[in-house]
Amino acid sequence: MTRLLHQLPRELHLLRPFRPLPLRRLYTTTTTTTTNTTLPPPLAAAPIVPSPLSPKTTDAITHLSSLPHRRPTLSDLVRFGPPPLTTPQLLASARLTRELIPRRLARRILALRNLPYIIVTNPHINSIFQNYVHSFEALSSLPSGDYPRNLDEESEFAQVLGGIVRTHNNTIPILAKGFQECGSQFMRAEEITAFLERHLRARIGTRLLAEQHLALHAATFEAGSPAELTPGVNPDHFIGIIDTRLSPTTILRRSEAFVAEICELRYGDRPRLEIDGEVEGRCAYIPMHMEYIFTELLKNSFRASIESALAQQRMNAGLGIVGRAAELEIPVVKATIALAEGGKWITIRIRDRGGGISPSDLREVWNYSFTTFNQDTGEQEDFNELVNGALGGSSIAGLGYGLPLSRAYAEYFGGSMELQSAFGWGTDVYLKLKGLVEPEGGYERQI
């Protein structure tokens, strides 16, 4: 894996174009300029200064951000049991979601406001700040008390919640571009990494809560369900966004097909993926998380394998080697699947012979925005154009968020991700995911 690839979001919500929620704007913006020549060079766009939040909104944000909150677990997400839910169960899910999400939004708003002022005025970061405030106000404008009280109000809540989810579809690429423009002039690199680590992990939890209720709502009232978006899986296996009979092999093959197609377009060839171990194994996990991680890892391995083979071919040509020895031979990428404790632990090793990672790069691969693309050859633009085209333009490929965000997804439920590189030979990635073990009595409803 000589060079690391970049972010390729494969989450379900990132496969659709960004359509902001048309909520009421809470503050006006003005463009400012400065003649102070002692300041660092100006940003790519003129900074935007947000008007102050209203006292009512500020008080609500301060109060809710101080309330206890914790990271949702897979067990939390299945507490209402498999759909279709009864009316009391669906209302209970909606109330819990409505209670928890504003707390999480409030904490993110305060975190963004606590950034250095010049960073908050960056147009990209400021737009994210506005989106969070808009979303907070949208939920705050709903009736107070024991809301929703009936199915009509639950449908109203689901509509608002769905709009909020769509509003934040592109949070990661927009935020990434903002920090890319700001660089390290106003925050140290380690401070940026720490902020992004907290923010993106918090975002994972918020989207989990929202998307789980929306999936339960859809599966209860509508014909559609998350499973219908995934060919070859049984909707009965889903509890919201969790597939209780998820096949890691199926997800690996789907990620392989996507990445291989990009490689064909870019290089005219593709590596081959061999899968061994418990290829028929099943587990309970979130397919979109697993697919995102697998896609990132295979992107790295496939591209490194091809470029290593091309480099060897060029060297052979320079030495005058002809015949079969001069043909392009792309080494096989191997994936091994292991399940333990009834699917509680899912371990996947992905091994390539793509040349490995240099010791200096290995120390940096977990930093957000780190990239080993060659900025002078144009290869980054070529590859990213293909990625963005495949994803309908909704991607942050090239911004260096792929590996650290993959690790954040893996660690969110107690898993891990480790790299072992033999520089000059290849790289092994050890991915461990903590799945959900089905209780002896099945996934019975707790409410």
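No lab work stands behind these numbers, since they all come straight from the coordinates. Keep in mind it's a predicted model, so treat the numbers as computed, not measured. Neighbour counts are summed over all protein chains in view; Cβ atoms, including those assigned to glycine, are modelled from backbone coordinates with ideal geometry.
Things to note:
- HN-Hα J in Hz across region 290-298 - Karplus 6.51, -1.76, 1.60, θ = phi - 60°, x for Gly and Pro: 4, 5, 4, 5, 4, 5, 4, 5, 5
- Remark: spin-label model distance Ser140-Glu222 equals 2.9 nm, labels positioned 7 Å along the Cα→Cβ axis.
- Scanning residues 5 or more positions from Ile239 or on other chains, those with amide H under 5 Å from its amide H are Thr244, with H placed 1.01 Å from N in the peptide plane.
- Packing rank of 130-136, 75-81, 60-66, where each peptide gets the mean count of other beta carbons within 10 Å, highest leading: 130-136, 75-81, 60-66
- Between the amide H of Ile357 and those of Ala422, Phe423, Gly424, distances stay under 5 Å, these residues lying 5 or more places away or on another chain, with hydrogens modeled in the peptide plane.
- Taking a straight Cα-Cα cut-off under 25 Å and skipping sequence neighbours fewer than 8 places away in the same chain, the lysines within cross-link reach of Lys299 are Lys177, Lys334, Lys432, Lys434.
- Amide H contacts of Tyr147 (H built 1.01 Å from N, under 5 Å, at least 5 apart or other chain): none
- Distant alpha-carbon pairs in region 68-167 (separation over 15 angstrom), percent: 67
- Each of Lys344, Lys299 was scored by other Cβ atoms within 10 Å of its Cβ. Listed from fewest to most, they are Lys344, Lys299.
- Potential lengthening of the chain between Tyr147 and Ala257 amounts to 35.1 nm, from the contour at 0.36 nm per residue minus the alpha-carbon distance.
- Backbone phi angles across region 345-362, fed through the Karplus curve with coefficients 6.51, -1.76 and 1.60 (θ = phi - 60°), yield HN-Hα couplings of 10, 10, 10, 10, 9, 10, 10, 10, 10, x, x, x, 10, 5, x, 5, 6, 4 Hz in residue order; Gly and Pro are listed as x.
- Each residue of region 276-286 was assigned a 3J(HN,Hα) from its phi angle through the Karplus expression (A = 6.51, B = -1.76, C = 1.60, θ = phi - 60°), giving 9, x, 8, 5, 9, x, 10, 8, 9, 7, 8 Hz with x at Gly and Pro.
- Label-point gap, in nm, between Leu110 and Ala311 - each point 7 angstrom along Cα→Cβ: 4.9
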